[in-house]
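Notes to accompany the following structure.
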Amino acid sequence: MMKRRATIIAITISCALILCALTGCQLAKENTAVNTYEDRLIGVIITTEHLDLIDFEGNPNNDSNNAQSRIYATFVSKTHVNEETGAEILTHEYVFESIDGIQFCVPTIKATEEKDGYVATMSDLAISDAHVNLHYSDDENRVAIEGTVFITSSIKENTYYFIPIY
């Protein structure tokens, strides 16, 4: 029964990542320059509370019901200490400070003068068996992620919302 439930949750996450393309969270801070690229779905945040990101007619950011079309992440640096050597390791990640949920995404960390850019996998501890497939070609770049979400039976919420991350 538990294995079946985990399989259903994994399939649901996969479907949500593929089918969610209307609205969602965006990792980069809002830029005043004109975007010359399309948003790309890179992951999901699973919440137990509904986020009002789209109106009932499917129009993002309709002022009639105070819906907002995007929630932006904050790019933060974290210092970790290697327990064996005592060496400090600096990592970077995107954090949605205003959302309590399970994050699973694959953002591209842009290059700086000090470091090359890279693709990172960011996931909550509730995500296990995570698989990330990167496909780069002359015609397209694709990222596919898949994972299993384990939820304890002590949680009383029965509804989970999949918020796409672009």
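The values are calculated or read from the model by the stated rules, or taken from the named source; none is laboratory data. What you see is a predicted model; the values in this text were computed from it and never measured. A quick note on method: Cβ atoms are made from the backbone with ideal geometry, for glycine too, and the neighbour counts reach across all protein chains shown. The protein model used for the area step is the full one, side chains on, heavy atoms only, and it has no ligands, DNA or RNA in it. Shrake-Rupley method; radii C 1.70, N 1.55, O 1.52, S 1.80 Å.
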Check: When residues of the stretch 150-160 are filtered for being open to solvent by 100 Å² or more (accessible area, probe 1.4 Å) and either of a type in the set (Ser, Thr, Tyr) or at pLDDT 85 or above (or both), how many remain?
Finding: 1
Item checked: Sole exception among (1) touching a helix residue (DSSP H, G or I) at 6+ places or on another chain (Cβ under 9 Å); (2) assigned to a loop (DSSP other than H, G, I, E, B); (3) of a type in the set (Val, Ile, Thr) for THR152, by number -> (1)
Notebook entry, point to check: If you go through the stretch 130-149 one residue at a time, how many are exposed (fewer than 15 other Cβ atoms within 10 Å of the Cβ) and within 22 Å of THR48 (Cβ to Cβ)?
Noted result: 1
Notebook entry, point to check: Inside the stretch 125-166, can you point out the residues that are of a type in the set (S, T, N, Q) and more than 21 Å from ASP39 (Cα to Cα)?
Noted result: SER128, THR148, THR152, SER153, SER154, ASN158, THR159
Next item on the list: Among the residues of the stretch 81-129, write down those that are among the charged types (D, E, K, R), open to solvent by 70 Å² or more (accessible area, probe 1.4 Å) and either at positive phi or not in a strand (DSSP E or B) (or both).
Entry: GLU83, GLU84, GLU97, ASP100, LYS110, GLU113, GLU114, LYS115, ASP116, ASP129
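Quick check, is ILE163 assigned to a strand (DSSP E or B), open to solvent by less than 80 Å² (accessible area, probe 1.4 Å), at pLDDT 85 or above and in contact with a strand residue (DSSP E or B) (Cβ under 9 Å, 6 or more places away or on another chain)?
yes
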Next item on the list: Determine which single condition GLU93 fails, assuming it passes every other condition in (1) within 20 Å of VAL143 (Cβ to Cβ); (2) more than 17 Å from the chain's Cα centre (by Cα).
Entry: (2)
